[in-house]
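To keep things clear, I will list the structure first and then write my remarks on it.
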Amino acid sequence: MSGDGTEAGELRVSGLTVRFAGLTALDGVGFTVAPGSVHAIIGPNGAGKSTCFNVLSGVYRASEGSVRFGGAELTALPPHRIAALGVARTFQNIALSRHLSVEDNLMLGRHRLTRAGFASAGLRMPWARGEDARHRARVRDIAAFVGVGEHLAAPVGPLSYGVRKRVELARALAMEPRLLLLDEPVAGMNGAERRRMAEVIRRARADLGLSVLLVEHDMGMVMRLADEVTVLDFGRRIAGGAPAAVQRDPAVIRAYLGAAHAPADAPDSEGNP
Ligand SMILES: Nc1ncnc2c1ncn2[C@@H]1O[C@H](COP(=O)(O)OP(=O)(O)OP(=O)(O)O)[C@@H](O)[C@H]1O
């Protein structure tokens, strides 16, 4: 337990409100991501999911409320300070440097962990070379972990969409986070790519002990991966709990899932159970 009552590695969001001019995008939202768990945020378009991620990663400022992680209040911090506390993020639209190799994109993800930085590495200081080699070894391990090891030397641009999404996840992992924020990790993927990504996320939790908070519209994926689900609608939290219970909740069915998704057999987008 830290001084504020949150468990180490726990993310606790309370009373989170974000207003843009006349619009309340988030209205008093609260939820907790338990350490080492997978927590999904779902809800219809415009419900406030991305806004929530943007506050958690320091891109947007909260109008009211609190986000605590590992004893720190995140709402007052800029993105790089939040990242330094162990919170890494991927984006709805892939945000990688297309002309750089997979390896160099992952090294960029690691930059805050390097003592040398790129200037002294460029000066070829012996200690900087040693540090560079250690980081490159770790980057190779991470690339293998997400299944992109064979593409390390390739520029990112021409790689398939599914591979680029996994490279983006690898870059987040290269930051050695404790909490991963994944914004629609399987959007636009085919069934095989989705299953592969789901497996990587499952292993990130099981093997690396990370907590994962994800926004995702693929309900099959959410039901199979998440320990807990928070449902937003018009900026409010309308339900939360275990996936099966949330999927049966009449308010959730009304607002988001519709009759087609209830009750839960949780097929994925290609009808696979
Ligand atoms: N920077 C901004 N300025 C003004 N309004 C914004 C801004 N960002 C989001 N909004 C508004 O806040 C509301 C919530 O948007 P948000 O993108 O968080 O929803 P979402 O649940 O992520 O939707 P989607 O599933 O379509 O990505 C929407 O009405 C949106 O138009």
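The values are calculated or read from the model by the stated rules, or taken from the named source; none is laboratory data. Keep in mind that what you see is a predicted model, and the values were worked out from it rather than measured. Positions of Cβ are generated from backbone atoms using ideal geometry, with glycine treated the same way; all protein chains shown enter the neighbour counts. The area values use the complete protein model at the heavy-atom level, side chains included, leaving out ligands, DNA and RNA. Shrake-Rupley method; radii C 1.70, N 1.55, O 1.52, S 1.80 Å.
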What is the spin-label model distance, in nm, from HIS217 to ALA242 if the labels are put 7 Å beyond Cα along the C-beta direction?
2.9
TYR60's amide H: which non-local residues (gap 5+, or another chain) put their own amide H closer than 5 Å, with H modeled 1.01 Å from N in plane and none for Pro or chain starts?
VAL55
Computed lengthening from ALA95 to GLU73, 0.36 nm per intervening residue step minus Cα-Cα distance:
5.3 nm
Which residue fluctuates most in the GNM of the chain (Cα springs below 10 Å): LEU173, LEU16, LEU106?
LEU16
Within the chain, which is the longest segment containing none of the trypsin sites (Lys or Arg not before Pro) that sit in a DSSP loop and have at most 15 other Cβ atoms within 10 Å?
125-273
Order HIS80, HIS99, HIS135, most accessible first, counting only protein heavy atoms with a 1.4 angstrom probe.
HIS99, HIS80, HIS135
Expressed to two decimals, the chain has a Cα Rg over Rh, using the Kirkwood radius, of 0.98
Just to check I understand the Karplus step: with θ = phi - 60° and J = 6.51 cos²θ - 1.76 cosθ + 1.60, what whole-Hz values come out for region 27-44, glycine and proline as x?
10, x, 7, x, 6, 10, 9, 5, x, x, 10, 10, 10, 10, 10, 10, x, x
For the chain, what is the accessible area per residue in Å² when the probe is 1.4 Å?
44
Report in % the part of the accessible area of the chain that belongs to carbon and sulfur, leaving out ligands and nucleic acids; probe 1.4 Å.
53
Pop the C-beta distance of THR17 and ALA84 into the FRET formula with R0 = 25 Å and round what comes out to the nearest 0.05.
0.45
